[in-house]
1. Sort S187, S58, S81 so the one with the fewest other Cβ atoms within 10 Å of its own Cβ comes first.
2. Name the aspartates and glutamates eligible as straight-distance cross-link partners of K183: C-alpha to C-alpha under 19 Å, and not fewer than 8 places from it in the same chain.
3. Over the stretch 48-194, what portion of Cα pair distances is larger than 19 Å, expressed as a whole percent?
4. Express in nm, to one decimal, how much length is gained between A42 and M70 on full extension, taking 0.36 nm for each residue of separation and deducting their alpha carbon distance.
5. Give me L77, L185, L139, L68 sorted ascending by neighbouring Cβ count inside 10 Å, so fewest comes first.
6. With every atom except the alpha carbons ignored, what do you get for Rg and Dmax of the stretch 66-127, in angstroms?
Amino acid sequence: MRLTLRKTICGTIGAWLLIAPLFVSTLKAEVRPSDTATSNWAYTEEASGLLKEVRSLSAQLADDAHELEMYAGRNQLDWRSHAFQLNQIRDHINAMGEKLERLQEIRGMLAPWQREAVDRVVPNAQELAAHAEAAIAYLNEQQDRLWMPAYVDRISAMTDHAEEIKSSVTAFLDYAKALDRLKQLESQLEISGA
């Protein structure tokens, strides 16, 4: 009983740590737009870097979740291996949460496409964190039943949300590249008003 209670408490604390960064940002003051273009440029550059990191983390997350999904469906791994894999996933989610928290803090200074990217990614990241939290809770309570749909479906949902985040951020970053290229061509061709 004591061991189960300890696992439940550790799992609950771990789950809270998993999703806390995604919600803390609403408590912090958002950076407001200023009048200087240089300031905005610095924030948009920072945001582009953060979005690239989110894309990288979501790709790692998707790979880890997909691997765990394959093993869970076949009941091939010991519960400790699942716990290890879920810890890696949790670490990726926490790192992503930190990046998204910063993006939300500077949201007012971002380019419109970056604001839209943040607005689309954050709900997916919150869903991803919720599924991870549920998978961790299930693992803590049902270590011998990791092939059950209640667990496998959570892992599958994590894979889907991570893939969606990666795909969405990639599309926005590609859009930014296209915008930059368009501006270069306009400047090169001396097209005004376009």
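1. Numbers: S187 10, S58 27, S81 13.
With the fewest neighbours first, S187, S58, S81 line up as S187, S81, S58.
2. E45, D174
3. Details: 5913 of 10731 pairs.
Of the Cα pairs, 55 percent sit more than 19 Å apart.
4. On the way: separation 28, 0.36 × 28 = 10.08 nm, distance 4.22 nm.
The A42-M70 span can extend by a further 5.9 nm.
5. Values: L77 17, L185 11, L139 22, L68 26.
In order of increasing Cβ crowding within 10 Å: L185, L77, L139, L68.
6. My reading of the Cα-based Rg and Dmax gives 16.1, 48 Å.
Read the figures in this text as sums done on the coordinates, not as results from a lab. Bear in mind the structure is a predicted one, so any value in this text is a computation, not a measurement. Note that each Cβ is placed from the backbone with ideal geometry, even for glycine, and that neighbours are counted across all protein chains shown.
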